[in-house]
Amino acid sequence: MAAAAASEHTPLDPLDLPEGHPFGSHNLPYGVFSRAGESPRVGVRLGDHVLDAGAAAESLGSPHGPLLARPTLNPLLAAGRSTWSDVRRAVTAWVTDPAHRDTIRPHLHPLSDVTLHLPFEVADYVDFYASENHATNLGKLFRPDEAALKPNWKHLPVGYHGRAGTIVVSGTDVVRPSGQRKGPQDPVPVFGPSVRLDIETEVGYVVGVPSPQGTSVPLAAYRDHVFGLCLLNDWSARDIQNWETVPLGPHLGKSFATSISAWITPLEALDAARVPAPERTEQLLPYLDDAAPGLEPAGYDLHITVALNGDVVSEPPFSGMYWTGAQMLAHMTVNGASLRTGDLYGSGTVSGAGDHERGSLIELTWNGQRPLKLSEGERGFLADGDVVTMTAWAPGPAGTRVALGEVTGRIVAQP
């Protein structure tokens, strides 16, 4: 849990936001909050305030009250796309219709006065590897004498099953993990705290509607199952990961903590930010072929900023991701694996082509060989006390911007 901080926009009346405010009525992300001594409940962000959605629904006699007067988003996630649209229309009317102002205003609380919680109960977690730039950079780092991309990479979205129980809300401290590690010159592995602790700048997809085991979800059904997006930092202990990965893949080097934003931005809020995926250089199998007639663009023009101890170190563009959320979902279920309400899947590290667009320290510092120069010294990998903050925005309707909730975390030493 983490207390939220107010931003620079603080109007006298929370319903009177500056025109184009990135958390205005065109955005309205969902989260879960509590006030001192009270139980958690569903909230909707408006500017630097959170609307108690359940209390507002009750005051206005809305039929959506039972979905919104809950301590988690899961019932709303499970309700399905038509209900998501109905609730969004209702909340938009509550905060924009002058007739509702006096009723709604008492249910708006400053973010500085509330605690934000993990917004939904996570069922399963899958992490993908969808950025060609990121995969190419790591290939060059670790396999300099081979092709940077493995033969399968442009034929399927590579991923692995993660650990749902260690997903935490933004603002939660991250304890430096311990495990086995073995350097190139070490005769045997040693045990101890990771010395190459890293970040992974990602976008998370939150699943609402489940699917039966033994079936698959086609590309066209993506928006029927995915409720919204959030920023995600999949912290990585590179030294532990490097030693354990061969032959099966990430385990302890990734499973100790994954941070997500306290706010889930509904897909409908991002309609103006949808873009086509990059040109494909390999013919895709039919279940992944997003060039098929009738399919809508499933990429998003998200602009991400990564700061380390307040210094901006990277600005990765999400629009260039090779694999889309629709393709990841289709591949994740093509073998008959079921979806559950609260499933979360991550895009994998978002990296662009430029040096300042890389979404992990292992790329930014080229595996520690070129340390970052910060206001407080140099960094190859994360030190105890370091604070990493990721923010993002996307184009909104009529030239506005849609802000995604930030995800932040501080590294602490083991007790």
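The values are calculated or read from the model by the stated rules, or taken from the named source; none is laboratory data. Quick caveat: nothing in here was measured; it's all calculated off a predicted structure. Glycine also receives a Cβ, built like all others from the backbone with ideal geometry; neighbour counts cover every protein chain displayed. Surface areas here come from the heavy atoms of the whole protein model, side chains and all, with no ligands, DNA or RNA. Shrake-Rupley method; radii C 1.70, N 1.55, O 1.52, S 1.80 Å.
Search region 282-291 for residues being open to solvent by 90 Å² or more (accessible area, probe 1.4 Å) and in a loop (DSSP other than H, G, I, E, B), and hand back the single one that is nearest to residue 119 (Cα to Cα).
So in region 282-291, the residues open to solvent by 90 Å² or more (accessible area, probe 1.4 Å) come out as 283, 285-286.
If we keep only those that are in a loop (DSSP other than H, G, I, E, B) too, we end up with 283, 285.
Numbers: 283: 39, 285: 36 Å.
Step by step, filter region 282-291, then rank; the result is 285.
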Being of a type in the set (Gly, Ala, Ser), open to solvent by 60 Å² or more (accessible area, probe 1.4 Å), closer than 25 Å to residue 348 by Cβ and at pLDDT 95 or above, is that true of even one residue in region 142-157?
yes
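Going through 20, 24 one at a time, which residue ends up being open to solvent by less than 10 Å² (accessible area, probe 1.4 Å) and in contact (Cβ under 8 Å) with a residue 40 or more places away in the chain?
Working: 20 fails: open to solvent by less than 10 Å² (accessible area, probe 1.4 Å).
Every option except 24 fails the conditions.
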Restricted to region 223-278 and to residues being of a type in the set (Phe, Trp, Tyr) and more than 10 Å from the chain's Cα centre (by Cα), the residue most open to solvent (accessible area, probe 1.4 Å) is 243
Give the residues of region 364-415 that are open to solvent by 50 Å² or more (accessible area, probe 1.4 Å) and among the aromatic types (Phe, Trp, Tyr), sorted by residue number.
393
Contact list please: Cβ distance under 8 Å, first residue in region 112-124 and within 20 Å of residue 35 (Cβ to Cβ), second residue at pLDDT 95 or above and among the acidic types (Asp, Glu), pairs at least six apart or on different chains.
112/48
Filter region 67-82 down to residues that are surrounded by 16 or more Cβ atoms within 10 Å (Cβ to Cβ), in a loop (DSSP other than H, G, I, E, B), touching a residue at least 40 places away in the same chain (Cβ under 8 Å) and among the small types (Gly, Ala, Ser), then give me how many there are.
1
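Only residues that are open to solvent by 40 Å² or more (accessible area, probe 1.4 Å) and either outside any loop (DSSP other than H, G, I, E, B) or touching a strand residue (DSSP E or B) at 6+ places or on another chain (Cβ under 9 Å) (or both): list them for region 27-66, please.
Scanning region 27-66 gives 35, 36, 40, 41, 58, 59, 66.
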Could you please tell me which pairs satisfy a Cβ distance under 7 Å, a separation of 6+ or placement on different chains, a first residue in region 200-217 that is under 19 Å from residue 74 (Cβ atoms), and a second residue that is at pLDDT 95 or above and open to solvent by 60 Å² or more (accessible area, probe 1.4 Å)?
209/224; 210/340
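Yes/no matrix, rows are residues, columns are (1) under 15 Å from the mean Cα position of the chain (by Cα); (2) part of a loop (DSSP other than H, G, I, E, B); (3) farther than 18 Å from residue 233 by Cα:
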{"site": "312", "(1), (2), (3)": "no, no, no"}
{"site": "323", "(1), (2), (3)": "no, yes, yes"}
{"site": "331", "(1), (2), (3)": "no, no, yes"}
{"site": "350", "(1), (2), (3)": "yes, yes, no"}
{"site": "353", "(1), (2), (3)": "no, yes, yes"}
{"site": "359", "(1), (2), (3)": "yes, yes, no"}
If I filter region 364-386 for residues that are at pLDDT 95 or above and under 28 Å from residue 266 (Cβ atoms), do I get at least one hit?
no
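Quick grid of which residues meet (1) in a strand (DSSP E or B); (2) closer than 28 Å to residue 358 by Cα; (3) modelled with pLDDT of 95 or more:
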{"position": "168", "(1), (2), (3)": "yes, yes, yes"}
{"position": "179", "(1), (2), (3)": "yes, yes, yes"}
{"position": "216", "(1), (2), (3)": "no, no, yes"}
{"position": "222", "(1), (2), (3)": "no, yes, yes"}
{"position": "230", "(1), (2), (3)": "yes, yes, yes"}
{"position": "248", "(1), (2), (3)": "no, yes, no"}
Of all residues in region 181-214, which are over 24 Å from residue 292 (Cβ atoms), more than 15 Å from the chain's Cα centre (by Cα), of a type outside the set (A, V, I, L, M) and not in a loop (DSSP other than H, G, I, E, B)?
181, 191, 192, 193, 198
